[in-house]
Structure formats: structure tokens, C-alpha cells
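The values are calculated or read from the model by the stated rules, or taken from the named source; none is laboratory data. Keep in mind it's a predicted model, so treat the numbers as computed, not measured. In this analysis, Cβ positions are derived from the backbone assuming ideal geometry, glycine residues included, and neighbour counts consider all displayed protein chains. Heads up: the accessible areas ignore ligands, DNA and RNA and are worked out on the full protein's heavy atoms, side chains in. Shrake-Rupley method; radii C 1.70, N 1.55, O 1.52, S 1.80 Å.
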Amino acid sequence: MHQLLSVKTGRGMLSRSVLSVWPQTLWMKSLGSNLMNSGSRRSTKTLSSDWMSELSATMRIFPDFITPQEEESLFQEIEPYLKRLRYESSHWDNAIQSYRETEKSTWNKGNSAVIQKIQKTAFPPDTSLLGHVHVLDLAGDGMIKPHVDSVRFCGDTIAGLSLLSDSVMRLTMVGYEKECFKDYLLLQRSLYVMSGAARYKYNHEILGPDESTFEGNKIPRSRRISVICRCDPKHID
Ligand code: OGA
Ligand code: MN
């Protein structure tokens with residue numbers, strides 16, 4: 001069940017869908033999995049032995065996807081919206097901590113070209129994309145707990161560009177979180193493209209500053225902005 005709400009974000013009012021039963025933050029609409037995850041494990045379910053190759057094929061990382069100049073230009077366009085907002089945490093279960101966010105559907109010429117490059121890289125031609133780009137700002141102490149983006153609001157592919165800070169994204173297979181997982185280093189200015197199995201069968205999370213290590217090395221976290229492009233869900237209830 002969802003309803004259309006108008007919420008205040010940055011400059012003026014945006015219209016958006018949110019789940020009506022939860023506290024209504026923008027980020028909520030990308031959630032879905034914590035509920036799906038809560039079922040007991042089925043012991044009869046056998047794990048595919050090549051889960052790792054399936055995961056590797058569906059979670060792609062493009063380091064240095066943009067230049068420092070392009071990063072700065074995106075930041076300059078985004079920052080006036082974000083800085084009017086306060087960092088907050090999702091209220092119902094702290095699933096996301098120390099964040100603020102906005103949706104943006106128009107960009108200046110140079111930044112539009114970057115957004116188009118993301119879309120061209122991530123989505124097959126003729127994919128129906130969401131009309132807005134999601135901009136998520138995590139403070140240095142912020143984190144995103146494991147979740148799968150709701151199939152109600154997001155299609156097969158999620159593409160995220162990381163600005164300002166490196167971070168670590170952990171993918172854990174739904175129902176087999178302890179057995180099948182992999183960490184990904186999201187360097188500043190890299191793009192990740194998560195589709196198919198990685199998008200539907202795995203939770204994703206952004207590790208908080210205390211957990212932020214990769215292959216034994218501490219990955220210092222500071223403020224991180226992600227610019228996330230999504231496509232339309234295939235079926236709408
Ligand atoms: C989300 C999410 C990851 C990121 O907003 O649902 O998982 O890269 N974001 O910020
Ligand atoms: Mn997500």
C-alpha cells in the first residue's frame with residue numbers, strides 16, 4: 001500500500017510515493033528487505049556453488065568514473081540543496097543513520113552529461129529510467145544497514161556514483177548472510193552498477209566508520225554523497 005505525498009526537499013515541494021505505514025522519509029521507499037529477511041532459513045535450499053561468479057557478474061565497479069573537476073561540479077550543484085537540510089536518522093529502526101537526501105531531475109549542462117554517462121554505462125538502451133536522480137548525503141559517522149531496495153519502487157538496476165569519500169559496501173545473500181558475502185571498495189569518484197542477482201538476491205549496506213575496512217586496511221570515512229540512478233520497476237501494484 002502506498003500513497004502520494006508531497007514533501008519538502010531543498011527547493012520547494014516534490015511529489016513522491018512512500019510506504020504509508022512507516023515514518024515517511026524519502027529513503028524509506030528504497031527499503032524493503034528488512035522485512036523480507038526476517039523469515040527463518042530453509043535448510044533444504046541449496047546454495048549455488050558459483051554464487052561468487054554470479055555476484056561478480058552482476059555487481060560492477062568503475063573506478064575513476066569521473067574526474068575531480070566533474071566531482072566538484074556535481075558537488076557545487078548539489079550542495080545548495082543539501083546544506084539546507086539537517087542530518088537525521090530513520091526513526092523506526094535506525095536503518096540509515098546521519099543522512100540527508102534530495103531528488104533532482106534537472107542538471108546544468110556539464111552535470112547532465114555526467115548523468116547521461118552513468119545512464120549509458122549502467123542501463124541497457126531503451127530502459128525506462130526514473131525521472132529523478134536520488135542524492136544521498138551520509139555524514140562522516142553515517143551508515144546504511146543491510147537492505148534490498150524495494151521492488152515496488154525500483155527496477156533491475158541501481159547505479160551509484162560516490163563523491164567526497166571512499167567507503168565500503170557489503171553485499172550479503174538474503175537468507176545466507178553469514179555464508180555468502182563480499183565487500184566492495186567504493187572509491188571516491190567510482191561508479192557501482194548493481195543489477196540482477198546482486199540487486200535482488202543480496203542485501204547491500206554502507207559500513208559505518210568503525211567497521212570501514214577492506215582487505216585488512218582501514219578505509220577512513222568522511223562525508224560521502226552518492227548520486228544514484230534507478231530504473232522503473234517492471235510491475236506496479
Ligand atoms: C539506498 C542505498 C547506497 C549508496 O539509498 O538505498 O543503498 O551508495 N544507497 O548510497
Ligand atoms: Mn539501497
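Label sites at E215 and S105, each approximated as a point 7 angstrom past Cα along Cα to Cβ, lie 4.2 nm apart. For the stretch 65-167, the solvent-accessible area of protein heavy atoms averages 44 Å² per residue (probe radius 1.4 Å; ligands and nucleic acids excluded).
Given a cut-off of under 8 Å on Cα pairs at least six residues apart, what relative contact order in percent is computed for the stretch 129-237? Relative contact order of the stretch 129-237: 47 percent. Taking all protein chains together and a 1.4 Å probe, the residues D126, D137, D64 rank D126, D64, D137 from largest to smallest accessible area. Taking every protein chain into account, the 1.4 Å probe leaves W92 with about 80 Å² of accessible area, to the nearest ten. Cross-linked pairs K145/K218; K120/K218; K182/K218; K145/K201; K83/K201: Cα-Cα separations exceed 23 Å for K120/K218; K83/K201.
Give me the net charge of M59's neighbourhood, meaning all other residues with Cβ under 10 Å from the Cβ of M59; Lys, Arg count +1, Asp, Glu -1. That sum, taken over residues with Cβ under 10 Å, equals +2. For the stretch 111-237, what class follows from the C-alpha gyration tensor (a ≥ b ≥ c being the square roots of its eigenvalues): rounded when a/c is under 1.5, otherwise prolate if a/b is larger than b/c, else oblate? Because a/c hits 1.5 or more and a/b fails to exceed b/c, the stretch 111-237 counts as oblate. Counting only protein heavy atoms and a probe of 1.4 Å, the accessible surface of the stretch 105-169 is 54% carbon and sulfur.
Taking 7 Å steps out from each Cα toward its Cβ at W92 and D64 produces label points 4.3 nm apart.
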